[in-house]
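Novice: Sharing a structure below in structure tokens format, with a few things to ask.
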Amino acid sequence: MVKAFCPGHITCFFQPSDPGQADLLRRGSRGAGIRLSLGSEAVLEERSDDRVRVAIDGVETSAPVTEYVMSQMLPGRGYDVIVSNGLPCGEGFGMSASGAIAVALCAADILGEGMPAVYRAAHKADIVGGGGLGDVSAISCPVHQPVRVDPGLPPRGRVVGTGIRFERLTLAVLGSRMDTGKVLADGTAFRSISSAGEKAMGEFMRSPDKGALFRISNGFSASSGVEGPEIASAIARLRSAGMMSAMCMLGNSIFADASEDEVREVLGDVRTYACSSTDELPKVIRRE
């Protein structure tokens with residue numbers, strides 16, 4: 001039995017790369033995000049047969065991203081794969097990527113492989129399985145606030161840090177989950193997001209600071225067309241109360257530089273999660 005942990009990641013704004021790129025390690029996105037202290041834990045327990053059984057947050061399920069990792073790392077071998085997420089899936093918190101990395105790290109530990117193999121398997125799985133487009137690349141960089149300057153997994157892609165960090169963050173879920181793959185499959189939406197993302201990246205890299213991160217994130221979510229009325233209202237209400245917030249990509253959720261109590265006082269009874277930014281790397285936390 002091997003158990004591993006991986007931090008989560010939120011994307012503030014992004015520019016998706018060419019979906020026709022054949023090399024999966026060059027696929028992904030440019031963009032800015034925040035690595036989260038909350039993330040995913042994975043446990044791998046070997047079976048007596050060759051079946052891979054996946055349970056996510058206590059529910060046995062078909063999990064294309066996890067199954068792809070296992071097929072790449074431990075083909076033909078049977079394992080029970082148990083993933084426990086510290087944040088909800090499908091809300092822009094990078095749980096697909098963090099779960100994939102945690103599973104791949106367990107497999108790599110069994111095989112005696114290093115982190116490059118972990119990130120390669122998880123990045124490919126997230127792309128093929130319809131998860132995030134840059135979360136694995138961002139998580140692989142040990143900084144609080146990574147910027148994906150060039151798309152793809154390093155060394156094909158390039159990720160840098162800005163020095164921005166958050167001692168406290170509140171994540172708030174305001175609606176039902178969003179399907180990243182379906183959103184980006186819409187040609188009009190893809191072009192709108194790509195145009196807004198290119199502009200946001202250019203503006204942010206000229207002067208990367210915390211205020212700019214929120215301001216440019218707000219501009220991106222509004223101009224790209226991904227921001228729904230609930231998100232727009234929450235951001236406006238928090239701004240009126242003196243708090244900076246922005247939409248998580250791609251989810252019906254926001255992140256705010258404020259405490260849970262402060263956010264709830266303005267937004268009411270919404271699902272909130274308290275965390276911070278982190279430069280912690282994924283790690284194995286238990287072996288038996």
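Novice: Can residue 64 be described as at pLDDT below 95, under 20 Å from residue 217 (Cβ atoms) and assigned by the TED database to the domain that holds residue 105? First the steps, then the outcome.
Specialist: Values: at pLDDT below 95: yes; under 20 Å from residue 217 (Cβ atoms): no; assigned by the TED database to the domain that holds residue 105: yes.
Taking the combined requirement at face value, the residue does not satisfy it.
Novice: Give just the number: which of (1) at pLDDT below 95; (2) over 19 Å from the mean Cα position of the chain (by Cα); (3) open to solvent by less than 40 Å² (accessible area, probe 1.4 Å) does residue 226 not satisfy?
Specialist: That leaves (2) as the condition not met.
Novice: Same structure, new question: Check region 161-177 and report whether any residue there is touching a residue at least 12 places away in the same chain (Cβ under 8 Å), of a type in the set (Phe, Trp, Tyr) and not in a loop (DSSP other than H, G, I, E, B).
Specialist: To start, the set of residues in region 161-177 that are touching a residue at least 12 places away in the same chain (Cβ under 8 Å) comprises 161-177.
Filter once more, so that each one left must be of a type in the set (Phe, Trp, Tyr): 166.
Checking the rest, the ones that are also not in a loop (DSSP other than H, G, I, E, B) come to none.
No; the residues of region 161-177 include none that is touching a residue at least 12 places away in the same chain (Cβ under 8 Å), of a type in the set (Phe, Trp, Tyr) and not in a loop (DSSP other than H, G, I, E, B).
Novice: Just checking, which of 176, 195 is under 23 Å from residue 65 (Cβ atoms) and open to solvent by 70 Å² or more (accessible area, probe 1.4 Å)? Please lay out each step first, then the result.
Specialist: Working: 195 fails: under 23 Å from residue 65 (Cβ atoms).
Only one candidate passes the filter, namely 176.
Novice: For residue 73, which of the numbered conditions (1) crowded, with 24+ Cβ neighbours inside 10 Å; (2) free of Cβ contacts under 8 Å to residues at least 60 places away in the same chain; (3) under 16 Å from the mean Cα position of the chain (by Cα) fails to hold?
Specialist: All conditions pass for residue 73, except number (3).
Novice: Still on this model: Could you list, in sequence order, all residues of region 86-112 that are closer than 20 Å to residue 283 by Cβ and surrounded by fewer than 21 Cβ atoms within 10 Å (Cβ to Cβ)?
Specialist: Our first condition is that a residue be closer than 20 Å to residue 283 by Cβ; within region 86-112, this holds for 86-87, 93-112.
If the condition is that a residue be closer than 20 Å to residue 283 by Cβ and surrounded by fewer than 21 Cβ atoms within 10 Å (Cβ to Cβ), then 86, 109, 110, 111, 112 are the ones that fit.
Novice: Considering only region 263-279, I want to know if a residue exists there that is under 30 Å from residue 111 (Cα atoms) and open to solvent by 40 Å² or more (accessible area, probe 1.4 Å).
Specialist: Going through region 263-279, the residues under 30 Å from residue 111 (Cα atoms) turn out to be 278-279.
So of that shortlist, the ones also open to solvent by 40 Å² or more (accessible area, probe 1.4 Å) come out as 279.
Yes: region 263-279 contains one or more residues that are under 30 Å from residue 111 (Cα atoms) and open to solvent by 40 Å² or more (accessible area, probe 1.4 Å).
Novice: Still on this model: Restricting the search to region 113-135, which residues are in contact with a Pro (Cβ under 9 Å, 6 or more places away or on another chain), at pLDDT 95 or above and open to solvent by 10 Å² or more (accessible area, probe 1.4 Å)?
Specialist: If the condition is that a residue be in contact with a Pro (Cβ under 9 Å, 6 or more places away or on another chain), at pLDDT 95 or above and open to solvent by 10 Å² or more (accessible area, probe 1.4 Å), then 115, 119 are the ones that fit.
Novice: I'm trying to understand the selection: among the residues of region 16-68, which are among the basic types (Lys, Arg) and either closer than 19 Å to residue 137 by Cα or under 18 Å from the mean Cα position of the chain (by Cα) (or both)? Show your work before the answer.
Specialist: From region 16-68, those among the basic types (Lys, Arg) are 26-27, 30, 35, 47, 51, 53; that's our starting set.
Once the filter is applied, which keeps residues that are among the basic types (Lys, Arg) and either closer than 19 Å to residue 137 by Cα or under 18 Å from the mean Cα position of the chain (by Cα) (or both), region 16-68 yields 26, 27, 30, 35.
The values are calculated or read from the model by the stated rules, or taken from the named source; none is laboratory data. The shown structure was predicted, so the numbers you read here are calculated from the model rather than taken from an experiment. Heads up, the Cβs are rebuilt from the backbone with ideal geometry, glycines too, and the neighbour counts pull from every protein chain shown. These area figures cover heavy atoms from the full protein model, side chains too; ligands, DNA and RNA do not enter into them. Shrake-Rupley method; radii C 1.70, N 1.55, O 1.52, S 1.80 Å.
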